[in-house]
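Below is one structure; the comments refer to it alone.
The values are calculated or read from the model by the stated rules, or taken from the named source; none is laboratory data. All values reported here derive from a predicted model rather than from experimental measurement. Neighbour counts run over all protein chains shown; Cβ positions are idealised from the backbone, glycine included.
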Amino acid sequence: MQLLPSPERGRFVALGLLVAALAIVYFAGVHWWFTARHVEIATEMGDLRDQEARFRRVADERPAVEARLAEVRQFEAGNPAFLAETDFDSAAAGLTQRLKQIVGEHARDAQSCQIIMNQYSRPTEKELFERASIRVRLRCSLEEFAPILYDLEAGSPMLFVDELQVWKQTGYRAPGSNQVTSYLDVQFTLSGYMRQRVATGKEGA
C-alpha cells in the first residue's frame, strides 16, 4: 500500500499549495494594503475631477449672472413702484402728503371727510427693502372713502393699505351743528417701499 504520493503528483500538490499561499499573501498583504488603497485614491481623484468640473461651470456662468444682476439693479433704479425718498422720515412725510392730496380730491368739503390722525410707524420686521408706514384714522362717508382707498392702492408709487378697520358711526356732522349724520370711522396703515435694500450682515461679509 502506497501512503505517499508519487513524485509527479507531489510536484502538482506542492505547486497548488504554493499558488494557494501566494493568493493568501496577495489578498492579505498586497490587495488590502496596496491595490485597495489605489482604488480608493482613484475614486477620490474622480470625485475631485467632478468638483473641478462643477466649479468650472459656475465660473463660466459668472459673466451671465453678473449681467443679469446689473439688469435687475437697473430695473430697481427706474422702477416707479418705489417711493422717491431715501430715508424713513422723508418717506413718511411723503406718504402723509399723498394721503392729504387724495382725501382733498374726493372730499365734498372740509367737514365731510377728515384726517383725524396720522403718525409715523416704523417697521419692526426686517424686509428686503426698507418700508415706510404711517398709521391713519379717517372720518368719511362710504361714498368718499371708496375712491380714496382705490386711489391709494392703484397709484404710483405703489402703496399698501393694511390693518384696515371700519366702524359705522352716527353723530353731528360738524361741531356746533344740530345735523346728525352717519359716517365711517376708518383706521389703517399706509405703507410704501424705498428703493434701497436693507443692509444685512451677509452683504458685509
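Might you check whether a residue that is under 30 Å from Glu130 (Cα atoms), surrounded by 10 or more Cβ atoms within 10 Å (Cβ to Cβ) and either at pLDDT below 75 or touching a helix residue (DSSP H, G or I) at 6+ places or on another chain (Cβ under 8 Å) (or both) occurs anywhere in region 37-44? No, the conditions are met nowhere in region 37-44. In region 91-116, the residue that is nearest to Ser191 (Cα to Cα) out of those that are of a type in the set (Lys, Arg) and either under 30 Å from the mean Cα position of the chain (by Cα) or part of a helix (DSSP H, G or I) (or both) is Arg98.
Of the residues making up region 119-140, those that are surrounded by 16 or more Cβ atoms within 10 Å (Cβ to Cβ) and without any contact (Cβ under 8 Å) to a residue 60 or more places away in the chain are Ser133, Ile134, Val136, Leu138, Arg139, Cys140.
Every listed requirement among (1) among the β-branched types (Val, Ile, Thr); (2) surrounded by 11 or more Cβ atoms within 10 Å (Cβ to Cβ); (3) over 23 Å from the mean Cα position of the chain (by Cα) is met by Val161 save one, (3).
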